[in-house]
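Data first, discussion second: the structure below is written as C-alpha cells.
Rule-based calculations on the coordinates, nothing more; no lab input. Because the structure is a prediction, the values reported are computed rather than measured. Here the Cβ positions follow ideal geometry from the backbone for every residue, glycine too, while neighbour counts run over all protein chains shown.
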Amino acid sequence: MNKKKKNPLLSDLRLVEMSDFDNMEMIPLSPGDFDDNDDPAAYTDELPILPIRNIVLFPGMVIPVTVGRQKSIRLVKKQYKSKNKVVGVVAMANPQKEEPTAEDLYRVGTLAHILKMIVLPDGNVTIIVQGKKRFQIHEFLKEDPHFQARVSYVDDNFPVKPNREAKALIQSLRDAAHKTLNLNPEIPREAQIALDNIESNNFLIHFLSANTNADQPEKQALLETFQSEEQATKLLELMMKDIQLLEMKREIQSKASSEIDQQQRDYYIRQQIKVLQEELGIDSPEQEIDALQARAAQKKWNKDVNEQFQKEISKLRRTNPMSPEYPIGMNYLELMVDLPWNEYTKDFFDLKKAQKILDQDHFGLEKIKERIIEYLAVLKMKGNLKAPILCLYGPPGVGKTSLGKSIAKALGRKYVRMALGGVHDESEIRGHRKTYIGAMPGKIIQNIRKAKSSNPVFILDEIDKVSSDFRGDPSSALLEVLDPEQNSSFQDNYLEVEFDLSKVLFIATANSLEPIQPALRDRMEIIELTGYTMEEKVQIAKKYLIPKQKQEHGLDAKMLTFSDAAIQKVIEGYTRESGVRSLEQKIGTLVRKITKAIALEEEYPKNLRPDDVVKLLGAEYFDKDEYDNNDSAGVVTGLAWTSVGGEILFVESSMNRGRGTLTLSGQLGEVMKESAITALSYLKAHADELGIDHRLFEYYNLHVHVPAGAVPKDGPSAGITMVTSMASAFTQRKVKSKLAMTGEVTLRGKVLPVGGIKEKILAAKRAGIREVILCYKNRKDVEEITPAYISDLTFHYVSRVEEVLELALLPEQVANPIKFVFPDDKGKPADTATPEVVVLN
C-alpha cells in the first residue's frame, strides 16, 4: 500500500487521559509511538480477536483499553511482543457477560495496532491501540487460548472526487460538528482546531462517528455500514439529534440563569424590606418561623409528627415569602402548633358532685345520668378508658344537645359542638388536600384546635341529618371518627399525620335512627330519650324555663310567678310536643308581655292563672285530646306515636248494603292499609267463632275511616284497633268505655308488640283513658315508666286477637243497631268473591 500522509491530529496528540481507569492518571506518548503506515503484512486472513466492553473502535482512532481477563492478557502480551503488534478489536454485544463466547461478539471489528502496553499494580493490563481498518468475521477458528477468526477487510470508499451531493454531505457533517462544539462548552477549543485540520473525508467520518454522543449499538451500526456515504448520512442524523438536545439544554440553562438573576434581585429587595420591618417593629418572616420553631419545642408530639413538622418548616425557610406557597405552608405549621397534641384536661372524679350537677341542669333523664356516672366510675377505677360513642335518640326539644354541656361540666372537660345538619361534603369531616386552593382541615380537627384539649366532650349534633352527593358521603367519613378501635389514629387529609381521638367523648344526637347508615349506627351506643309527661313538663318549667326567661327579660323572682294550673294550660292549649322547646317559647312570650306592662307602668297579674294565660296568648291553638263516647258501633280508640309525642287515634267502621267492598280513608299509609286488609281477612276466617254472619262479607260494604283525614298517618300500631272496630261493626256490639289499645296483628290472630309505649300511654292519660290493651311483650316498656305517672291506669297484656275482642267488646248491642237484610241466596255458597278494596285519600 502507498504511504499515507501523516495525520495532523495524531501529530499533535501527546497524552491520552485515563480518567476511567483506577491507579492511572496520564499515559505519556511520543510521536514515535504512532504508526501512520499501512503494512500489508499486518492484514492477514486469520486474526487474533480481543473482545472489549462498551467501546467501538473506528479506523484512525486512538483509545486506551484495560484488559482484565486472563485470556485477553495473554493475547495482548503475546501480540505486543510480535513483529506487527496487531490485534482485532471487536465489541461485545452483551457487555455484562464475564466470559464471552463467539455468539456474544459482533461480526464487524477494527484491526488495531498496539502502541503501548502498561501492566497495572492489580495485575490488569492497559494498552493504547490505534484503529487501522475495518474487518468482517466469517468464521471463528478457535476460542482457546484466545479467539482466532477468519476475516476479510473492508476499505473506506468515500469518493476521492466527490460529486455535489457528497460534498454537501461532508459540509453538513462539518457544520454539525462546529455547531456541536459551539453548543457544548465542555469540549476543549483544541478540538475545533483538530477538526479544521482533518483533510481526509474517510477519517472525518470515522472521527465524528467515534466522538458522537451515541450508544454502543448505534456506533456499532455505523461501523457495520460499509458504504461511506450511507455511514455519513446515518452519522448526520445522530449528530442532529445531539444538536437538538444541546439546544434544549442551553435553553433550560438560560431560563435557570434568568431565574437565578430574579432570585438575586428578590433577595436584595427582601433585605431592604427586612430593614424597614425592623424599623417599624413588624416581625419578619424569619422571626415568625423562629417563633413557630420555639412553640414546637414545647409540644408533646411523637417522633413521626416531629419529623413532619421539621420537614415542613425546612421547606418554608427555603420558600420565597412572596410566593403563593408561603402562606399555605405557614397556615399548615400554625395548625400543627395550635393543635393540643397529647394535652388533656383533668377529669373530675367526685361522682356525687357530678350527679348533683346533672340533676341541677336536667330534670328526669335518669338513664343518661346513670350512664355518665358509670363512665366516670370506670374511668376513676381504671385511670384510662377508650371513650364510648353515645347517641342520644329522641324527639326534638327533650334536651339532647344541652345535655352535652352538662356532661362536660360534670366531667370538668372542654365542650365543643359540631352541627352536622346539611353536611354533604366528605371534606368537611376529613379535610382537603393541602395541594388544593383554599384547603383547610376538617371540622373535627378544627374543633379540637378550638377546644385546646385532646379529650373534650364533642357533640355531633343532628347526625341523622347528614346527606351525601357527588362530593362524597360524610357518613362514611364518620365511620373512622366514631370507631373506638380506629379513632386513635385518625388522619385528616390536610394534617397528613395521625391524631389521637380515642380520649374524646363523642356524643351524637338524632331525632330518628332510620336515616343513619347501619354501619355508623353499629358503632354507637344508642340511648333513647322519650318525651316528657305533663308532670315532668310542669317541673321543668318551674325549675328551669321560667327562671331562665325571667332572668333574660330583666325580671326579679318576686315580680312574676306562675301557678301550676297556668303552666298546664300553656302545655295543653298552646304546645303539642314531646320536648319543651315550644313550651319555653310560649313562656318567653308571656314574660315579654308582663315585662312590657311593667315598663309601661300598667296593671298586670303577678301570679299567672289559666284565665290570664288565655288573655295574654289568645285562643288556644290545640284542642285537648279527649275520649269520645262510643255509643255507636265500630268506634274504637287507638294510640299513635308522632315525632312530637303520643296521640290518641279514633278508628271508625260503618256498613252499608252493597257488594262486599272495603273502603279505607283518612290519609292512611301503606302499613295501615295492610293492617286493615289483614284485620278483615282474620274476621272472615273466624266469622263463626266470633258470631258474625258470613253473608255480611258478600252483601254489605265496609268503610273504615280514621278522622283528621288531612293528617297523613302510618305505622305498625293500629292492627288490633282495626280488628276491634270491624268486629264491633259486624256484630253491632259496644266497645268498653274509656278503653284504648295499640298493637299489630297477624293473619293467625297473634298480637305483636309496638314502640313508643311511653308517649302513647301519656297521651291516653291526657285524654282521660282508664284502661289500655297492649301486647304482653310491651310489659317491660310500661315498667320503665315512673309508677306515679300511671297509677290511675289499668293495663291488659294480651297475645291473641280473641283476648282483645273479649276485653274490648261488651255483650250488649249498641242502641239502634243496624238491621241486616239479605236476599234469598239458597244454594249459593257463602263468601265466594274477594272484596274490592277502595282507598280514599
Listed residues Met322, Val782, Leu120: farthest to the positive end of the dipole of the chain (Cβ charges): Val782
With label points built 7 Å along Cα→Cβ from the Cα atoms of Gln136 and Asp792, find their separation and express it in nm. 12.3
Cα shape, the range 124-207, gyration tensor, a/c 1.5 rule: oblate
Average silhouette area of the range 82-233, convex hull of alpha-carbon atoms, in square nanometres: 11.7
note: the range 35-107, Cα-Cα separations exceeding 17 Å make up a percent value of 48
Taking one equal scatterer on every alpha-carbon of the range 659-800, how large is log10 of I(q)/I(0) by Debye at q = 0.11 1/Å? -0.44
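Given the rule -39500 (n - 2.57) for each run of at least 4 DSSP H residues, summed and divided by the residues of the chain, what is its mean residue ellipticity at 222 nm, to the nearest 500 deg cm²/dmol?
Working: 29 runs with 337 residues, N = 841.
After summing the helix terms and dividing by residue count, I get -12500 deg cm²/dmol.
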Highest mean first, what order results for 331-342, 450-461 on Cβ atoms within 10 Å? 450-461, 331-342
To the nearest 0.05, what FRET efficiency results for Ala685 and Ala619 with a Förster distance of 51 Å applied to their C-beta separation? 0.55
Express the relative contact order of the chain as a whole percentage, based on alpha carbon pairs under 8 Å and six or more residues apart in sequence. 7
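What's the local net charge at Phe363, with K and R +1, D and E -1, over the other residues with C-beta under 12 Å away?
On the way: positive: Lys369, Lys537, Lys542, Lys543; negative: Asp359, Asp361, Glu366, Glu535, Glu536.
It works out to a net charge of -1.
Using 23 Å as the Cα-Cα cut-off, could you pick out the over-long pairs in Lys738/Lys819; Lys356/Lys543; Lys352/Lys405; Lys380/Lys537; Lys255/Lys434; Lys405/Lys537? Mind showing how you got there, number by number?
Working: Lys738/Lys819 27 Å; Lys356/Lys543 15 Å; Lys352/Lys405 18 Å; Lys380/Lys537 34 Å; Lys255/Lys434 29 Å; Lys405/Lys537 21 Å.
Going by Cα-Cα distance, Lys738/Lys819; Lys380/Lys537; Lys255/Lys434 fall outside the 23 Å limit.
Strictly over 26 Å apart at the Cα level, which of Lys300/Lys503; Lys346/Lys386; Lys586/Lys673 would you flag in this model?
Values: Lys300/Lys503 16 Å; Lys346/Lys386 15 Å; Lys586/Lys673 38 Å.
Pairs exceeding 26 Å: Lys586/Lys673.
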Normalised convex hull volume, the range 278-434, alpha-carbon set, Å³ per residue: 199
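Pairs of Cα atoms under 8 Å, at least six residues apart: use those to get the relative contact order of the range 636-750, whole percent.
Working: 210 pairs, mean separation 45.2, N = 115.
Contact order relative to length: 39 percent.
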How would you order 565-575, 231-241, 299-309 from highest to lowest mean count of nearby Cβ atoms within 10 Å? 565-575, 231-241, 299-309
Using the scaling law 2.2 N^0.38 Å as the reference, what is the normalised Cα Rg of the range 682-759? 1.21
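Let me check against my output: what whole-number percent is the relative contact order of the range 285-338, with C-alpha pairs under 8 Å and at least 6 apart?
Values: 24 pairs, mean separation 24.0, N = 54.
Reported relative contact order: 44 percent.
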Everything considered on the Cα gyration tensor (a ≥ b ≥ c; rounded for a/c under 1.5, else prolate if a/b is larger than b/c, else oblate), the range 332-388 must be described as prolate
Say each of Leu351 and Thr233 gets a label point 7 Å from the Cα, pointing the same way as Cα to Cβ; how far apart are those two points in nm? 9.9
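Determine the equivalent ellipsoid of the range 351-528 by diagonalising the alpha-carbon gyration tensor, then write out the semi-axes as square roots of 5 times the eigenvalues, largest first, rounded to whole Å.
Values: eigenvalues 152, 70, 37 Å².
Each semi-axis is √(5λ); the values are 28, 19, 14 Å.
Greater than 31 Å separation of Cα atoms is the criterion. Which listed pairs, Lys219/Lys249; Lys116/Lys161; Lys77/Lys132; Lys78/Lys241, meet it? If you can, show how the numbers build up before the last one.
Working: Lys219/Lys249 23 Å; Lys116/Lys161 36 Å; Lys77/Lys132 19 Å; Lys78/Lys241 42 Å.
Flagged as over cut-off: Lys116/Lys161; Lys78/Lys241.
Given the Cα-Cα distance of Asp196 and Arg107 and 0.36 nm per residue of separation, how much length would full extension add, in nm?
28.7 nm
Between Ala519 and Asp122, what length in nm is gained on full extension when 0.36 nm per residue of separation is reduced by their alpha carbon distance?
Value of the extension gain: 135.7 nm.
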Compute the distance in nm between two label points, each set 7 Å from the Cα along the Cα-to-Cβ direction, one at Asp500 and one at Met381. 2.4
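Tell me, rounded to the nearest percent, the portion of alpha carbon pairs in the range 440-565 spaced more than 16 Å apart. Write out the running numbers ahead of the final one.
Numbers: 5637 of 7875 pairs.
Counting pairs separated by more than 16 Å, the tail of P(r) holds 72 percent.
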Everything considered on the Cα gyration tensor (a ≥ b ≥ c; rounded for a/c under 1.5, else prolate if a/b is larger than b/c, else oblate), the range 285-338 must be described as prolate
What trypsin sites (Lys or Arg not before Pro) in the range 658-747 are in a loop by DSSP, with at most 12 other Cβ atoms within 10 Å of the Cβ? Arg659
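Taking the Cα centre of the range 534-617 as origin, sum charge times position over the Cβ atoms of Lys and Arg (+1) and Asp and Glu (-1), and report the length of that vector in debye to the nearest 20. Working shown, then result.
On the way: 16 positive and 13 negative charges, 30 e Å.
The calculation lands at about 140 debye.
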Plugging the Cβ-Cβ distance of Val671 and Arg417 into 1/(1 + (r/R0)^6) at R0 = 35 Å yields, to the nearest 0.05, a FRET efficiency of 0.45
Provide the packing ranking of 162-171, 213-222, i.e. peptides ordered by the mean count of other C-beta atoms within 10 Å per residue, highest first. 213-222, 162-171
Kirkwood Rh over alpha-carbon pairs of the chain, then Stokes-Einstein at 4 °C and 1.567 mPa s: what D in µm² s⁻¹, rounded to an integer? 34
Alpha carbon centre of the range 192-239 versus the range 525-562: separation in Å? 101
